[in-house]
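Scroll down for the structure; my scribbles are underneath it.
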Amino acid sequence: MMRKIMQWMVAATLTSSLFVWTSCSNEDNAVIPQPGPETEFGALLKTLDWGTDTCFVYGHKTPDVDAVTSALSYARLMRLMGYNCKAKVSSGMNRETAYIAHVFGFALPELKSSVVPQTRLILTDHTDYAQCVDGAREAVILQKIDHHVEGDIADSGIPFVRREMIGSTNTIIYEMYKEQGIAIDDETARIMLAGIISDTRNLSKTTTRDIDITALQALAAQLAISPDSVVSLNRGMEDAATDYTGMTDAEIFLSDYKEYEISGHKLGFGSLDCKQSQMETFIDRMLAVMPEVMRQRGRQMLVAKIDNKVENTGDDRAERPYVENGTYFIYYGEGAKQMAETIFGASLREGACYTAENLSRKQIVPRITEVLTGN
């Protein structure tokens, strides 16, 4: 999979119409803490049990752009505040992440798929053990920075938690840089901008909030990136995210995938995109591969949302040839049909429901939780 990503990155070099930033920095380089008056947050950090080794900052497994970039940007904030933190990823990264890292010229975190007991961790963009690096249950979790509803990693058990229901984890981190009076260097600005563009789809998702708009606009202005260029970046990232060329159906299903454990149910949840003209065939393919994926991942239930891309006939067609028109929801496993139909109504066909709402996974998971827990 990583070889395919690297080959795809080379191809992106030849085809991208965007200019490419280059960077000589590396997160291993020494970072000099920025002086300034101590804040309440700064004082709290001094009370944490940092241990003597490196504290690793992780986003969720099968990381998307926001997971990778939030780990990078938050690890840098901690280093600037004097703490030995380094971003890692627990599994391979997707094509969209490879694309924007290439365009923006920042180094991706190294892969470290497991940690030993008592390793110090900071988690970004997730709040469930099923999405954590292997070994997280025996690690010491010092902080959690997230924009989802609370999962099975209880907030009460972590010394510092910041969770806001907004479009991007990087927006929270942007706020924290500002609150601490710490300057955002240009490389970090590119890293954070990538995460916000991706997780809000350039501010178009329903989970976007005013602070996401403020952060995106401020970072783009700092980098002298015009609104038109932001549109082009989003378009390139969206194309990369939906490029399934050369992938098996199982790899496609797992390309943006998260796992949950809800009231004793082991659930796997994919997030996919498909053009409306290809939807029926695509659903057939995904339903056919779901039993295999469920066995491989040790899940009891497998679901996926599929964003329905329809041709855009509006004035902005050149910028955005396809727009979302509702969400398909496919399911497999014991109890999956009852759960899906409780949420979305009668199935269109066996294994598939549809809603006119444009829903994110972040919005669907609480509905699933309500059904499975009976609350």
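The values are calculated or read from the model by the stated rules, or taken from the named source; none is laboratory data. This structure is a prediction, so every number in the text was calculated from the model and none was measured. A quick note on method: Cβ atoms are made from the backbone with ideal geometry, for glycine too, and the neighbour counts reach across all protein chains shown. What goes into the accessible areas is simple: the full protein's heavy atoms, side chains included, and nothing from ligands, DNA or RNA. Shrake-Rupley method; radii C 1.70, N 1.55, O 1.52, S 1.80 Å.
Some observations on this one:
- The chain: relative contact order as a whole-number percent, Cα under 8 Å and 6+ apart: 12 percent
- Expressed to the nearest 5 percent, the antiparallel share of DSSP beta bridges inside the chain is 45 percent.
- Ligands, DNA and RNA are left out, and with a 1.4 angstrom probe the accessible area of the chain is 43 Å² per residue.
- Heavy-atom accessible area order for Met78, Met165, largest first, 1.4 Å probe: Met165, Met78
- Taking all protein chains as shown and a probe of 1.4 angstrom, Val310 keeps an accessible surface of around 20 Å².
- Principal semi-axes of the equivalent ellipsoid, √(5λ) from the alpha carbon gyration tensor of the chain, are 32, 26, 19 Å from largest down.
- Residue-span extension gain [Gln222 to Arg297] - 0.36 nm each, minus C-alpha spacing: 22.7 nm
- Anchor Lys178: aspartates and glutamates whose Cα lies under 17 Å away (excluding residues fewer than 8 positions away in-chain): Glu38, Glu40, Glu164, Asp186, Glu187, Asp210, Asp212
- Ile122 accessible area, assembled protein chains, probe 1.4 Å, Å²: 0 Å²
- Part-to-part distance (alpha-carbon centres) for segment 92-147 and segment 251-275, which is given in Å: 17 Å
- Using the Cβ-Cβ distance between Glu150 and Arg367 with R0 set to 25 Å, the FRET efficiency works out to roughly 0.95.
- Excluding same-chain neighbours fewer than eight residues apart, the lysines reachable from Lys275 by a Cα-Cα span under 16 Å are Lys305, Lys309.
- Local electrostatic count, His147, Cβ distance below 13 Å [Lys/Arg +1, Asp/Glu -1]: -2
- Only Lys, Arg, Asp and Glu carry charge here, each on its Cβ (+1 for the first two, -1 for the last two); on that basis the chain has a dipole of about 540 debye about its Cα centre.
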